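The values are calculated or read from the model by the stated rules, or taken from the named source; none is laboratory data. Here the structure is a predicted model, which is why all the values come from computation and not from measurement. Using ideal geometry, Cβ is built from the backbone for each residue, glycine included, and neighbour counts are taken over all protein chains shown.
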Amino acid sequence: MAADNLRILHCLRDGALIAEVAAGFGAFGFEAAHTIALASPDVSYDKSVLRANNLTVARDFPVFGGSAGPGKLIAIGNALASYDLVVTYGWDAINVAMAHKVFGQHLKLPPLVHHEQGSAGFLGKEKGFKRKLLRRIALSSAHSLVTGAPAIGDFARRHWSVAAPRIAHIQPGIDLKRFRPSAKPDALPGLVKRSAEHWIGANLSVDTAASASKLVQSLQDLPRDWHLVLTTEQTSTEEIRSLAEGLEVSHRVHVLDRLADEAKAMALFDIYVELAGPFEAAPRTLQAMAAATAVIRRGKADLTSALDDLIEDKAARRALAASNRQQALAQFDKAVSARALGSLYQAAIAG
């Protein structure tokens, strides 16, 4: 089949993921017609995203969310047969992978690539025996499993029996070239960075609240010109604010409900602390790296000590920042991720 006639089906939980998935289609290195299948017919989506990326939605595709018996699986399998590649995303599309496993040979189905980006609650959701067994069966016929989190790759190898050569570590596509190594002092809404100040940035969520509290506590022992800037979305900040007031560092703790345009503001941080867990994608960390910011990665046993080292050694901080930017643009930009995915998809199609 000619490359420009390739048909690729993407099976997603909901319409909110369409823009993220479609971000790198144009940089795959080959032309293809991309079709979106959603877990249920009542899922909403932004039609402008479809038009902007020349996508279509498979309106008659079988519902693949929820439980699935033989009838549902055979219906899904039949719906896959007209494509050259099937791409599934997360647990919500596991029934598609299961249909591919059960009926793949009989229906001569195309190859399947599965994406698993994880979440804060990943480990809790995946620890059950039944879920592990379903994953192991469904993914056994997948050409590859793609993830941006090495911890998920390790988990898949140990608990889902996905062999290491079938695991591809590819970060979700982010346009990192937009991020510059400098920013205006007022790039954050409602906050201006004074010339004598240094900022530590981090993202606050329900799952990172405990680590964020440790950062607030560490301010007591850090130089007074160092401030903490926490960004959050739909997370209560009352506990953090109360802690800062109790420690008398509230004037050095700033909590924002949004980061505005990250590309214009991220370089305001002198140090960025990654608080997300190992089973989560951490796009803000990659953005900070691209903005030439020194990053303290998750897993540091002594966060305060790691901060002290970077704060005291300005030359080391600057060297790390420069190295981070070079690495981010060379390895994690959306164009790089798209090319890697394109090569993987082509290899799967070629067999």
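Cβ separations smaller than 9 Å between residues 6+ apart or across chains give the following pairs from the stretch 278-303 residues that are within 22 Å of K264 (Cβ to Cβ) and among the hydroxyl-bearing types (S, T, Y) to residues that are surrounded by fewer than 18 Cβ atoms within 10 Å (Cβ to Cβ) and at pLDDT 90 or above: T293/P181.
When R180, R157 are screened for being touching a helix residue (DSSP H, G or I) at 6+ places or on another chain (Cβ under 7 Å), under 30 Å from G24 (Cα atoms), free of Cβ contacts under 8 Å to residues at least 40 places away in the same chain and of a type in the set (K, R), only R157 passes. Out of everything in the stretch 90-109 that is under 13 Å from H10 (Cα atoms) and buried (at least 20 other Cβ atoms within 10 Å of the Cβ), what residue ends up being nearest to the chain's Cα centre (by Cα)? For the stretch 90-109, the residue satisfying everything is A93.
For the stretch 256-267, the count of residues that are in contact with a Gly (Cβ under 8 Å, 6 or more places away or on another chain) and assigned by TED's automatic domain parsing to the domain that holds L188 is at least one. May I ask you to verify whether H100 is modelled with pLDDT of 95 or more, in a strand (DSSP E or B) and of a type outside the set (S, T, N, Q)? When the stated conditions are applied, H100 does not pass them.
Would a scan of the stretch 32-40 turn up a residue that is in a helix (DSSP H, G or I), among the hydrophobic types (A, V, I, L, M, F, W, C) and either assigned by TED's automatic domain parsing to the domain that holds S141 or over 17 Å from I349 (Cβ atoms) (or both)? No: zero hits. Take Y83 and tell me if it is touching a helix residue (DSSP H, G or I) at 6+ places or on another chain (Cβ under 6 Å), surrounded by 18 or more Cβ atoms within 10 Å (Cβ to Cβ) and either assigned to a helix (DSSP H, G or I) or assigned by TED's automatic domain parsing to the domain that holds G124 (or both). Against the criterion (touching a helix residue (DSSP H, G or I) at 6+ places or on another chain (Cβ under 6 Å), surrounded by 18 or more Cβ atoms within 10 Å (Cβ to Cβ) and either assigned to a helix (DSSP H, G or I) or assigned by TED's automatic domain parsing to the domain that holds G124 (or both)), Y83 does not qualify.
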